[in-house]
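Chemist: Please see the structure below; I have some questions.
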Amino acid sequence: QVQLVESGGGLAQPGGSLRLSCAASGNILDIKSMAWYRRAPGKQREMVARIVSISEATNYTDSVKGRFTISRENAKNTAYLQMNSLRPEDTAVYYCNAEILKSDTYMYRTYWGQGTQVTVSA
């Protein structure tokens, strides 16, 4: 069984910073990519940032470019989202997403974490 566990959410003031972590565990053979999504109240879920394992290529939604940074620690199967210059509109539940190949299968599947709340408020 594969699990994604997020941590690091909480309350931050506008202009502040938070760092989210997502640790993948289980019978993992390979992780193709990891990403962060978010769902704000009354809005659809959107992709915030994504990193591809083999190339470490990253992409971001426009609203977070220059403020958020996604990174990976491959040895720990962990992804991070460093969020700086936070704004109230960044308030959302943030979900970790990963494309994972389990050791007992031949296909990559997408897995999701349970989500962590980020609230940006004065």
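Chemist: Can you find, within segment 85-110, the residue that is farthest from ALA49 (Cα to Cα) among those that are part of a loop (DSSP other than H, G, I, E, B) and of a type outside the set (A, V, I, L, M)?
Modeler: In this case the residue turns out to be ASP104.
Chemist: Scanning segment 85-109 for residues that are among the acidic types (Asp, Glu) and surrounded by fewer than 16 Cβ atoms within 10 Å (Cβ to Cβ), which turns out nearest to GLN44 (Cα to Cα)?
Modeler: Checking each candidate, the answer is GLU89.
Chemist: Here is a check on your reading of the model: is ALA23 in contact (Cβ under 8 Å) with a residue 40 or more places away in the chain, open to solvent by less than 30 Å² (accessible area, probe 1.4 Å) and aliphatic (A, V, I, L, M)?
Modeler: No, not satisfied.
Chemist: Out of all the residues in segment 53-68, which are in a strand (DSSP E or B) and under 15 Å from VAL118 (Cβ atoms)?
Modeler: Matches in segment 53-68: PHE68 only.
Chemist: Now a separate question. Taking ALA40 as the residue in question, decide whether it is touching a residue at least 24 places away in the same chain (Cβ under 8 Å), touching a Cys at 6+ places or on another chain (Cβ under 9 Å) and not hydroxyl-bearing (Ser, Thr, Tyr).
Modeler: When the stated conditions are applied, ALA40 does not pass them.
Chemist: Does GLU73 fit the bill of being at positive phi and either without any contact (Cβ under 8 Å) to a residue 60 or more places away in the chain or β-branched (Val, Ile, Thr) (or both)?
Modeler: no
Chemist: Sticking with this one: Among what's in segment 36-54 and is small (Gly, Ala, Ser) and open to solvent by less than 70 Å² (accessible area, probe 1.4 Å), pick the residue that is farthest from ALA24 (Cα to Cα).
Modeler: Result: ALA40.
Chemist: Take THR69 and decide whether it is farther than 18 Å from GLN3 by Cα and modelled with pLDDT of 95 or more.
Modeler: yes
Chemist: Follow-up. Search segment 73-84 for residues being open to solvent by less than 50 Å² (accessible area, probe 1.4 Å) and in a strand (DSSP E or B), and hand back the single one that is farthest from ARG38 (Cα to Cα).
Modeler: Going through the qualifying residues, I end up with THR78.
The values are calculated or read from the model by the stated rules, or taken from the named source; none is laboratory data. Everything numeric here is computed off the predicted structure, so don't read it as measured data. No Cβ is skipped: glycine too gets one built from the backbone with ideal geometry, and neighbour counts run over all protein chains shown. To get the accessible areas, we keep the full protein, side chains included, count just its heavy atoms, and leave off ligands, DNA and RNA. Shrake-Rupley method; radii C 1.70, N 1.55, O 1.52, S 1.80 Å.
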